[in-house]
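K.L.:
Provided herewith is a single structure, encoded as structure tokens, for subsequent inquiry.
Values quoted throughout were computed directly from the atomic coordinates according to the rules given, and no laboratory measurement underlies them. As the structure is a prediction and not an experimental result, all values here were calculated from the model. Cβ placement follows ideal geometry from the backbone for every residue including glycine, while neighbour counts extend to all protein chains displayed.
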Amino acid sequence: MDSNRKTAIIVGALILIAYGVIGSLFLESSIIAMLLELISGAAIVGMAVLMFPILKPHNKNLTFGYAAIKIIDGVLIGVAAIMILSSSTLLLEVRDLIYVNSTYLFCTGFLILSYLFYQSKLVPRFISVWGVIASILLLSSTLINMMAAGTVILTDSTVIPFTVSHLPVISNELFLAVWLIVKGFNTSAIASGSTKTV
């Protein structure tokens, strides 16, 4: 098994692990929830680090942007995770703001990743097109909801419910994760990218 195949499997696994943050929402134990969120944040950073050398030959600037957004997103989730143990009302409010506003980072990062996948053909284009459309739909819904509330900052009262708007992105990410674990990257696309001069 070559290194790119291993990377694909690990990235797929990290995508699934990152969804541990959703499971933490239903836990009563603050400590277990914090650990799940810390692991989720680390998984997000890990994805960015592992995908960087794969994506960079295809579009250096967008790859830097993607990596920066995902690392910031992962770090913020880690910070928010620690705040769950705080008894300070202010810190808990900051934690809530971090989470609801991470929608911006999540949507933007996933949109860039999906576009890079489309450009590079590292995965079948139906997956990347699905990802682009799903990201735009969620980001648009978020912005519309935000404008309707007359604020540039999302709050618990303005954030889109975790329902229909999120399903296209979640289903796409989960499908992508399984694809990477089972099929991996398109090897010819990797070979093509390695011959490019950026």
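K.L.:
With θ set to phi - 60° and the Karplus curve 6.51 cos²θ - 1.76 cosθ + 1.60, what are the ³J(HN,Hα) couplings of the stretch 46-56 in order, to the nearest whole Hz, using x for Gly and Pro?
P.N.:
Values, residue by residue: x, 4, 4, 5, 6, 6, 3, x, 6, 8, 3 Hz.
K.L.:
Right, next: Just subtract the alpha-carbon distance of residue 129 and residue 96 from 0.36 nm times their residue separation and send over the number in nm, one decimal.
P.N.:
Extra length available between residue 129 and residue 96 comes to 8.7 nm.
K.L.:
Give me the extension gain from residue 16 to residue 50: residue separation times 0.36 nm, minus the current Cα-Cα distance, reported in nm with one decimal.
P.N.:
10.7 nm
K.L.:
What's the extension gain from residue 62 to residue 104 if we count 0.36 nm per residue and subtract their Cα-Cα distance?
P.N.:
Extra length from residue 62 to residue 104 when fully extended: 13.5 nm.
K.L.:
What percentages, rounded to whole numbers, describe P(r) for the stretch 3-190 computed over all alpha carbon pairs with 5 Å bin width beginning at zero?
P.N.:
1, 8, 15, 21, 21, 15, 10, 6, 2, 1, 0
K.L.:
Let me check against my output: what whole-number percent is the relative contact order of the stretch 3-190, with C-alpha pairs under 8 Å and at least 6 apart?
P.N.:
This gives 26 percent for the stretch 3-190.
K.L.:
Something else: When Lys and Arg each count +1 and Asp and Glu each count -1, what net charge do the other residues less than 12 Å away from residue 47, Cβ to Cβ, add up to?
P.N.:
-1
K.L.:
Next up: Enumerate the amide H contacts of residue 186 below 5 Å, restricted to partners 5 or more residues apart or on another chain; note that Pro and chain-start residues carry no placed amide H.
P.N.:
The answer is 123.
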